[in-house]
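*Asks:* Pasting in a structure now, in structure tokens, and then I'll have a few things to ask.
Nothing in this text is a laboratory measurement; each read-out follows from the coordinates by a stated rule. Source: prediction; values computed, not measured. Here the Cβ is made from the backbone with ideal geometry for all residues, glycine too, and neighbour counts use every protein chain on show.
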Amino acid sequence: MRKIIFSVIAIAFVSPFVYGEELVIHGVGMQWKPMVTFANTGDTLKFKGMIGHDTQTIAGLLPEGSSGWKSKLGAEGFGVVVEREGIYVFKCNPHIGAGMVGVVIVGEKNPPNNLEMIQTNLKNVKAGRNMVQRAIRKMNKALQRKKESG
């Protein structure tokens, strides 16, 4: 009986560290809230408020070797586990022109490994480039605040 109790306690204690956290990103109007999300490898991004929205990473604006993600329109509760450290830039296809672009920064490295690649590949973004640039500026400010706070 002690072994069973110990096992249950061990699983309850270790599980959050093994499986990561669930971070919720909401589609609010024509924006992602939060626009910039900090995560760790193994965390799950859960998208809520998806009526009329989808979520998709932008080619060239995610960590090398990452497959990214793409949901269906209206996929309430769509979830994806982030496996690689770095920056992931994502959009809502119907509303990218209105500024529905978000950024997830995975890992503690500041600046992230793929920041230079993101800045270089920005020129290849066709639809909504100004909105993507705006999200990257906000990401840079969030990274600076995080660096200053310790």
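*Asks:* Counting only residues that are crowded, with 16+ Cβ neighbours inside 10 Å and of a type in the set (Val, Ile, Thr), how many does region 37-92 have?
*Replies:* Of the residues in that region, 8 qualify.
*Asks:* Considering region 43-62 alone, what residues qualify as being over 15 Å from GLN119 (Cα atoms), part of a loop (DSSP other than H, G, I, E, B) and not aliphatic (A, V, I, L, M)?
*Replies:* Here is the first cut: in region 43-62, the ones over 15 Å from GLN119 (Cα atoms) are 43-57.
Still in the running and part of a loop (DSSP other than H, G, I, E, B): 43, 49-55.
Answer for region 43-62, where residues must be over 15 Å from GLN119 (Cα atoms), part of a loop (DSSP other than H, G, I, E, B) and not aliphatic (A, V, I, L, M): ASP43, GLY49, GLY52, HIS53, ASP54, THR55.
*Asks:* Then there is this: Exactly one of (1) within 24 Å of GLY29 (Cβ to Cβ); (2) touching a residue at least 24 places away in the same chain (Cβ under 8 Å); (3) of a type in the set (S, T, N, Q) is unmet by ASN110. Its number?
*Replies:* (1)
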